[in-house]
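First comes the structure, then the notes that go with it.
The values are calculated or read from the model by the stated rules, or taken from the named source; none is laboratory data. Note that the structure is a prediction, hence the values are computed from the model and not measured. Because the Cβ atoms are built from the backbone with ideal geometry, glycine has one as well, and the counts that use them run over all protein chains shown. Note: areas computed on protein heavy atoms with side chains; ligands, DNA, RNA excluded. Shrake-Rupley method; radii C 1.70, N 1.55, O 1.52, S 1.80 Å.
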Amino acid sequence: MSHAPDLLRIATAGSVDDGKSTLVGRLLYDTKSVLADQIDAVTKASVDRGLEGPDLSLLVDGLRAEREQGITIDVAYRYFATPARSFVLADTPGHVQYTRNTVSGASTAQLVILLVDARNGVVAQTRRHTAVMALLGVPQLVLAVNKIDLVDDQEAAFAQISAEFTELTRSLGWSPEQVTAIPVSALHGDNVATRSENTPYYHGPALIEHLETVPNVPDPRPVGLRFPVQYVIRPRTPEYPDYRGYAGQIAAGRVSVGDEVVILPSGVRSTVRQIDTADGELTTAHTGRSVTLLLDDDVDVSRGDLIAAVADAPEPAQQFTATVCWLAEKPLRPGARLLLKHGTRTTQAIVGGLEVLFDEQTLTQIDGPDTVELNQIGRIAIQTAEPIAPDDYQVNRESGSFLLIDPQGGNTLGAGLVGDALANLHLSDTPELV
């Protein structure tokens, strides 16, 4: 058998009416990832609306409100594949008020497709989404200049938009090799699955061709084992009278039988004796695998603890700096008492000073803001009631992220990145982009 195609996690982002749903529908349609009856239903609905051809956006706008308004509201995960590679695509909203959904969808992406309307170019929401992707550490970007067929001078429009976007991404820390611009028409399929004769000025790959060949780097910052304990398994049955296993999903790194590990925040060390799964024992398990670890020593391990590799284990902390994207309508103020969820540990937390606010439109910082409002990004100080063991987000995305939660209602209020993610955006010497 030929080896299975690898998996690439991608996400989409863009302003309202940039054609994102149509592009995603086109990707599914051109890769034959939709059933015939779905195509028939979309074609019938399109004809009922007076359209000549199928409206491919109907393949992905699943909520009734989405179909009625012609917008994307929720994050939806789509799966498609080509002979070269498999894909998981997070289709995220374009409205400003749904930026929190975009953060969620792009948080695990290895590549993000940013759409712009060729008639409008780089707009405020493009800058906002690009800044969010920079903070999240997305390694690859594709600028899809959509509706290119609707502008008179396609070559000039594409060149101008590409140059502006290149300058924006350079200012935010990406190298030219990490950013690719492609002129497309999602409606007609130009440069989506195959290169189009309608864009003779463009000599690069079609979108799917690029997705198939872009380097697949699961995490450019590999670290040792990070295993948040989800549940302690103690059957206490005649068959397993002394069984004590620690169940969870490997957030980063790998683990093998015989590895020395440290339990955090206590700092106690032990050795992995056995790795159990629903399918039997393993000798080694990697990132993303759900396993149960058994240790040589009868140590005190509870839900919320972190089992980590000894060589590069993070330092437990109760006070740290973080970059937060605020997702709630009620603004964040100094002294706010919230819950902080890191991995499987949830603890009380107090927000100290609001140190800086990031202006994603001018790529500047504002010192000492009074509040952080909905969809704004800022650097804050946090103190937790119990120690947690986070990595800096720039070291590892999984173990360096956390959520801020409303202690009364349980709603997620903010998405946090441990450390000063803004420091990597080269803001100090960046001219304002107006």
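With respect to residue 345, is the statement that it is touching a strand residue (DSSP E or B) at 6+ places or on another chain (Cβ under 8 Å) and of a type in the set (Lys, Arg) true? Before the answer, list the steps.
Details: touching a strand residue (DSSP E or B) at 6+ places or on another chain (Cβ under 8 Å): yes; of a type in the set (Lys, Arg): yes.
Against the criterion (touching a strand residue (DSSP E or B) at 6+ places or on another chain (Cβ under 8 Å) and of a type in the set (Lys, Arg)), residue 345 qualifies.
So is residue 359 without any contact (Cβ under 8 Å) to a residue 12 or more places away in the chain, on the phi < 0 side of the Ramachandran plot and open to solvent by 40 Å² or more (accessible area, probe 1.4 Å) or not?
It is true that residue 359 is without any contact (Cβ under 8 Å) to a residue 12 or more places away in the chain, on the phi < 0 side of the Ramachandran plot and open to solvent by 40 Å² or more (accessible area, probe 1.4 Å).
Given the condition among the hydroxyl-bearing types (Ser, Thr, Tyr) and touching a Phe, Trp or Tyr at 6+ places or on another chain (Cβ under 8 Å), answer yes or no: does some residue in the range 119-128 qualify? Before the answer, list the steps.
Our first condition is that a residue be among the hydroxyl-bearing types (Ser, Thr, Tyr); within the range 119-128, this holds for 126.
Then keep just the ones that are touching a Phe, Trp or Tyr at 6+ places or on another chain (Cβ under 8 Å); that gives 126.
Looking for residues that are among the hydroxyl-bearing types (Ser, Thr, Tyr) and touching a Phe, Trp or Tyr at 6+ places or on another chain (Cβ under 8 Å), one finds at least one in the range 119-128, hence yes.
Those residues that are surrounded by 15 or more Cβ atoms within 10 Å (Cβ to Cβ) and not in a loop (DSSP other than H, G, I, E, B), I need them from the range 287-300; list them, please.
Of everything in the range 287-300, those that are surrounded by 15 or more Cβ atoms within 10 Å (Cβ to Cβ) and not in a loop (DSSP other than H, G, I, E, B) turn out to be 291, 292, 293, 294, 295.
Can you name every residue in the range 99-142 that is touching a helix residue (DSSP H, G or I) at 6+ places or on another chain (Cβ under 9 Å) and small (Gly, Ala, Ser)?
106, 107, 109, 118, 121, 124, 131, 134, 137
Return the residue satisfying two criteria in turn: it lies in the range 1-51 and is more than 19 Å from residue 84 (Cβ to Cβ) and polar (S, T, N, Q), and of such residues it is modelled with the lowest pLDDT.
46
For the list (1) without any contact (Cβ under 8 Å) to a residue 24 or more places away in the chain; (2) over 24 Å from the mean Cα position of the chain (by Cα), I need the number of the one condition that residue 162 fails.
Here residue 162 meets the rest and fails (2).
Of everything in the range 225-264, what is more than 20 Å from the chain's Cα centre (by Cα), in a loop (DSSP other than H, G, I, E, B) and under 30 Å from residue 89 (Cβ atoms)? Give them in sequence order.
Scanning the range 225-264 gives 225, 230.
For (1) closer than 18 Å to residue 342 by Cα; (2) in contact with a His (Cβ under 6 Å, 6 or more places away or on another chain); (3) at pLDDT below 95, each residue gets a yes or a no:
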{"site": "243", "(1), (2), (3)": "no, no, yes"}
{"site": "246", "(1), (2), (3)": "yes, no, no"}
{"site": "253", "(1), (2), (3)": "yes, no, yes"}
{"site": "282", "(1), (2), (3)": "no, no, no"}
{"site": "299", "(1), (2), (3)": "no, no, yes"}
{"site": "310", "(1), (2), (3)": "no, no, no"}
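Only one residue in 303, 273 is open to solvent by 40 Å² or more (accessible area, probe 1.4 Å) and in a strand (DSSP E or B), so which one is that? Write out each step before concluding.
Working: 303 fails: in a strand (DSSP E or B).
Result: 273 is the single residue among 303, 273 that is open to solvent by 40 Å² or more (accessible area, probe 1.4 Å) and in a strand (DSSP E or B).
If a residue has to be closer than 23 Å to residue 153 by Cα and either of a type in the set (Phe, Trp, Tyr) or open to solvent by less than 60 Å² (accessible area, probe 1.4 Å) (or both) to count, how many in the range 201-217 make the cut?
The first filter runs over the range 201-217 and keeps only residues closer than 23 Å to residue 153 by Cα, leaving 201-207.
Retained after the next criterion (residues that are either of a type in the set (Phe, Trp, Tyr) or open to solvent by less than 60 Å² (accessible area, probe 1.4 Å) (or both)): 201-202, 204-207.
Number satisfying all stated conditions: 6.
Among the residues of the range 276-286 satisfying the criterion of being assigned to a strand (DSSP E or B) and charged (D, E, K, R), which is least open to solvent (accessible area, probe 1.4 Å)?
Our first condition is that a residue be assigned to a strand (DSSP E or B); within the range 276-286, this holds for 276-277, 280-282, 284-286.
Applying the additional criterion that residues be charged (D, E, K, R) yields 276, 281.
Working: 276: 25, 281: 131 Å².
Going through the qualifying residues, I end up with 276.
Which of the residues that make up the range 162-200 are open to solvent by 10 Å² or more (accessible area, probe 1.4 Å), in contact with a strand residue (DSSP E or B) (Cβ under 6 Å, 6 or more places away or on another chain) and in a helix (DSSP H, G or I)?
162, 178 - these are the residues of the range 162-200 that are open to solvent by 10 Å² or more (accessible area, probe 1.4 Å), in contact with a strand residue (DSSP E or B) (Cβ under 6 Å, 6 or more places away or on another chain) and in a helix (DSSP H, G or I).
Checking residue 357 against (1) within 21 Å of the chain's Cα centre (by Cα); (2) outside any loop (DSSP other than H, G, I, E, B); (3) of a type outside the set (S, T, N, Q), which single condition isn't satisfied?
Result: residue 357 passes all but (1).
For the range 328-353, enumerate the residues that are among the aliphatic types (A, V, I, L, M) and open to solvent by 20 Å² or more (accessible area, probe 1.4 Å).
Filtering the range 328-353 for residues among the aliphatic types (A, V, I, L, M) gives 328, 332, 336, 338-340, 349-351.
The answer is 336, 339, 350.
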